[in-house]
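The values are calculated or read from the model by the stated rules, or taken from the named source; none is laboratory data. Because the structure is a prediction, the values reported are computed rather than measured. Cβ atoms come from the backbone with ideal geometry, glycine included; neighbour counts cover every protein chain shown. What goes into the accessible areas is simple: the full protein's heavy atoms, side chains included, and nothing from ligands, DNA or RNA. Shrake-Rupley method; radii C 1.70, N 1.55, O 1.52, S 1.80 Å.
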Amino acid sequence: MCTLQSIIEQLGCRAFDEAVNATSKAGKYVLQYRTNLDKLRTEMRSLEDRRAIIERKVREANDRGEEIENAVSHWQTDADETKTYVQDLIERSTAEAKMHCFACSCPNIKGRYRLSKQAEEKIADVKRLAQESNFDEISHPKPPPPELEFPSAENYVHLDSRTPIFEAILGALKDCEVKMIGVYGLGGVGKTTLVEKVAKTMLDDGTFEQVSLVPVSKDLNVKDIQKKLADKLNFTLHAEKDEKGRAIELWNKFKNGDKYLVILDDIWEKVDLKAIGIPVMEGNIGCKIVLTSRNEDLLRIKMKADKNFPIAELLEAEAWDLFKKKVGNTIESRPEIDSLARQVCRKCKGLPVAVNALGAALEDKPVYVWKNALQKLERYMITNIEGINQTVWASLKLSYDMLGSSDAKSCFLLCCLFLEDAEISIDDLTRHCVANSLLSQNPHTFDEARNAVRTVVDALKSASLLSTDYHENAVKIHDVIRDVGISISREEKAFLIDHGAHEWPRNSRNVKSYSAISLSFKSIKGLPNGLEYPQLHTLMVENSKLSDLEVPDNFFNGMIQLTVVTFTRMRMRRLPSSIAKLAKLQMLYLNECEFDDISILKDLKSSLEVLSLRGSSIEVLPLEIGQLTGLRVLDLQDCGKLKVIPRGVISKLISLEELYFPENFDKWEATTDEQQDSNRENVSIEELRGLLSTGRLATLHIHILNVMLLSTEDLIFANLKGFKILLGSNLKNSKKLISERCMLELNGIPLRNEFIPLVDKAEVVVLRNIEGLKKMLHDRGVENRFLNLKYLEVTSCVEDLEYLLGEPKSFVQSQGLHRLPPFNNLIVLIIEYCKSKYLFSPTTAGGLVHLEKLKVRSCEIMEGIVGFEERNDEDEFTSEVKFSKLKQLELSYLPNLLSFYAQKEKIGTTMGSSSACARPLFSEKVSSIIVLLISLLGYYFGWFLD
């Protein structure tokens with residue numbers, strides 16, 4: 001029977017047992033105090049090793065411009081927090097031990113108990129983190145930024161008549177029942193611009209994870225479409241696979257569960273989506289498709305689109321508003337032109353391509369020019385061009401007629417020789433213009449010619465006859481404008497242009513008068529005999545895919561006036577012997593070709609000035625190339641198999657102005673004293689010394705993986721005007737963002753004096769693990785410092801710098817009204833792992849008027865982005881820092897960051913003194929940030945910004 005006394009005894013016994021157990025456990029913690037701390041240190045060392053590996057992989061992924069997986073970022077945050085906790089724990093144990101030793105007293109039992117218990121509990125967390133660090137993937141490629149992917153969307157004009165169509169297309173794409181839609185309308189009506197705006201909107205609002213827009217055009221090339229799709233998706237297809245194999249790869253990519261939108265722009269015939277590798281959406285898997293065409297029946301009947309949307313011509317009032325914007329203030333300031341302008345605008349029939357072209361052509365023109373334009377528009381009659389309104393042809397023909405120079409007309413027609421939707425590089429245009437003497441000023445060097453071509457291209461852009469491509473060193477031509485240009489070139493210049501041909505054209509009445517021929521074949525086995533083109537100066541022949549080609553030895557016998565020959569994607573054993581008869585040949589392109597023997601090129605040594613083997617399969621550059629002493633341009637870019645450039649060949653090419661080595665060529669021979677007498681076969685860097693010293697070589701692309709091959713004596717780079725120089729590693733992510741005209745990457749080497757002129761001229765600079773940065777940034781002269789720089793990346797700067805990007809005192813003291821601040825044209829700035837208290841001084845920050853992206857990461861001592869230098873400058877008290885074009889800002893792993901702008905303020909004392917104080921992060925000093933991305937990670941930051 002349970003009595004009160006027995007219950008009390010049982011409770012007492014239980015309490016006693018628990019007290020004994022607790023005391024025993026506590027005693028265990030106290031007794032194992034040092035053991036637990038030592039175990040924690042050991043496990044933490046293992047975690048630190050894994051943390052360092054992950055950190056390196058993350059840094060490499062960031063260098064490639066890739067996006068870090070969320071699991072990896074979360075793991076890093078947990079590891080950082082754990083490291084901080086363990087460091088604090090160990091510091092407290094060390095302090096306790098020192099206190100005990102100093103006091104010579106009994107140990108702090110309570111403190112040791114608590115520390116030992118915390119250490120034992122944290123050991124499990126540390127082990128778990130170490131085990132979770134074996135990630136399958138650290139990162140994944142980022143999709144291209146919408147502003148680069150869809151450039152026309154930036155210039156989209158909202159029009160009342162287009163808004164319902166635009167919104168209806170968006171609605172249809174969000175409708176789960178709609179798999180494919182079509183957009184149709186006349187050529188030049190604005191279909192591409194509209195769907196680019198749709199694409200950007202769909203991407204921005206998250207309806208689709210990835211959006212790809214690919215031009216198809218008349219010559220439907222499955223392989224080309226597959227490659228373009230893969231490029232848009234940041235996806236690499238296996239080059240060795242055939243079309244069916246690549247289609248399977250794309251099909252599986254599109255079936256991975258993400259939501260995809262694929263836009264095939266400008267289709268002219270039925271497109272087999274399965275042959276390309278595009279699965280139409282089923283449920284939530286696959287792709288939604290948008291097709292644009294000039295032919296409604298093609299979309300509705302053959303492609304069986306679920307919904308089709310017509311894009312009509314602009315309403316008269318809308319066309320007039322657009323026309324006035326293009327013409328500028330000409331109409332408002334001169335009333336006598338108003339009536340003529342309205343009549344001219346009506347002639348455009350509401351087609352934007354005609355409105356833009358005519359408006360640009362007539363800007364600031366006198367009355368008589370307007371009257372003459374109206375008369376020509378009323379008189380022009382042409383034969384039918386498929387899909388092009390006659391009025392559009394007349395408008396664009398008039399815009400061509402009104403070009404101010406023969407150079408501009410020649411350059412425009414030259415662009416029509418390239419494939420539809422081609423990316424036409426300024427370099428290619430320059431070489432064509434020089435070879436065919438198309439520039440009236442007759443430039444002496446290729447650099448002068450390039451400047452002249454850029455001037456002409458700018459005029460054609462202003463006339464809305466050309467447009468900027470994804471970067472400034474290439475242009476595109478609208479398909480409608482190109483069709484009109486081809487029509488003009490046939491009549492005025494006797495051009496023969498046939499892209500998508502099945503065989504060599506014959507029996508033409510104008511065969512004797514052809515001056516230029518541009519042919520693109522889907523597949524051709526051989527070239528014909530007995531061709532007679534006595535007036536031909538340019539021959540461009542391209543295969544859509546690499547295939548064997550039989551070329552008769554006498555092929556060039558009837559073309560002795562040729563100055564330009566380009567062959568693309570052809571496999572031949574050797575060049576025809578008749579090429580040696582082309583005494584006027586100045587430019588030869590053998591791009592993406594395969595051949596066994598090109599030694600016959602030595603017979604062109606009296607004339608050949610430009611030789612391009614870009615993308616060819618060549619493994620050994622023939623010794624005979626050294627006999628081309630008149631060669632001014634040698635282009636070996638993308639020759640991935642090139643292993644041998646025989647010594648002495650390059651140094652013999654004494655007339656070279658531009659030299660392009662393959663980016664992956666790393667077979668340079670050493671030139672140390674010990675190896676001077678060795679049997680060297682390959683080119684050495686020392687061979688460039690003579691070419692550089694003459695000052696004639698103006699463009700150089702070179703990659704040197706082993707920087708130890710550089711001689712102790714500086715090379716003279718100061719005369720280079722264009723360069724892509726990579727020392728130590730490959731440039732990974734910036735070349736798609738900014739132009740490739742002047743690029744420098746240095747990795748793991750001292751910043752020698754020979755590189756300083758390149759840094760001052762460069763548009764893109766990447767500096768990783770270098771020494772000498774302080775001298776370059778702060779001790780240089782005043783003028784022309786970094787004024788061309790658009791992209792700057794600095795990683796792992798080992799020097800302690802108070803201001804990473806400040807100004808030398810001499811600059812500040814002598815700065816006048818006409819001096820531009822350094823970094824004035826900077827667009828992208830990436831700073832990582834640098835020892836700097838501040839990033840900018842206010843003067844430098846105030847000059848960053850074009851900055852669009854700022855990324856600062858892992859700079860442990862940085863306290864502010866903008867800070868004051870110690871000098872008495874009244875302007876600093878009132879100046880504002882306005883990054884007016886900033887679109888992306890990323891700050892991460894900055895443990896000591898206190899403020900964005902450490903403002904210096906006056907203190908109202910009799911001494912008129914001043915002091916610096918930290919302003920809140922992102923105060924009013926930073927304005928107009930369009931997109932703000934802040935990664936403020938973990939323990940370091942205890943606050944959150946909206």
Any residue at all in the range 442-465 that is under 23 Å from residue 562 (Cβ atoms), outside any helix (DSSP H, G or I) and of a type outside the set (A, V, I, L, M, F, W, C)?
-> yes
Given the conditions (1) under 27 Å from residue 216 (Cα atoms); (2) open to solvent by less than 10 Å² (accessible area, probe 1.4 Å), which single one is not true for residue 479?
-> (2)
Got at least one residue in the range 154-172 being under 28 Å from residue 464 (Cα atoms), assigned to a helix (DSSP H, G or I) and touching a Pro at 6+ places or on another chain (Cβ under 6 Å)?
-> no
Within the range 469-564, which strands (runs of 3 or more DSSP E) (wholly inside it) include 2 or more residues that are farther than 24 Å from residue 455 by Cα?
-> 495-501, 516-521, 538-548
Among the residues listed as 488, 424, the single one being within 23 Å of residue 544 (Cα to Cα) and of a type in the set (A, V, I, L, M, F, W, C) = 424
Residues of the range 295-317 being part of a helix (DSSP H, G or I) and open to solvent by less than 20 Å² (accessible area, probe 1.4 Å), in sequence order, are 298, 299
Every listed condition ((1) modelled with pLDDT under 85; (2) farther than 23 Å from residue 225 by Cβ; (3) not assigned by the TED database to the domain that holds residue 419) holds for residue 545 save (2)
With the condition kept exactly as written, say whether any residue in the range 697-705 is at pLDDT below 85 and open to solvent by 20 Å² or more (accessible area, probe 1.4 Å).
-> yes
Residue check for residue 488: at negative phi, touching a residue at least 40 places away in the same chain (Cβ under 8 Å) and not basic (Lys, Arg) = yes
Please work out which residue is surrounded by the fewest Cβ atoms within 10 Å (Cβ to Cβ), limiting yourself to the range 267-294 and to residues that are within 16 Å of residue 215 (Cβ to Cβ), in contact with a Phe, Trp or Tyr (Cβ under 9 Å, 6 or more places away or on another chain) and not hydrophobic (A, V, I, L, M, F, W, C).
-> 294
Could you grab the pairs with beta carbons closer than 8 Å, sequence gap of 6+ or different chains, first residue in the range 820-832 and farther than 13 Å from residue 791 by Cα and modelled with pLDDT of 80 or more, second one open to solvent by less than 10 Å² (accessible area, probe 1.4 Å) and among the polar types (S, T, N, Q)?
-> 832/795
Looking only at the range 347-370, which residues are open to solvent by 70 Å² or more (accessible area, probe 1.4 Å) and under 19 Å from residue 402 (Cα atoms)?
-> 363, 364, 368
Matching residues in the range 483-502 (acidic (Asp, Glu) and open to solvent by less than 20 Å² (accessible area, probe 1.4 Å)) number 1
Only unsatisfied item for residue 602, checking (1) in a loop (DSSP other than H, G, I, E, B); (2) open to solvent by 10 Å² or more (accessible area, probe 1.4 Å), is (1)
The range 711-727, subset open to solvent by 10 Å² or more (accessible area, probe 1.4 Å) and modelled with pLDDT of 80 or more, residue farthest from residue 684 (Cα to Cα) = 721
Can you name the number of the only condition in (1) at pLDDT below 95; (2) open to solvent by 10 Å² or more (accessible area, probe 1.4 Å) that residue 586 fails?
-> (1)
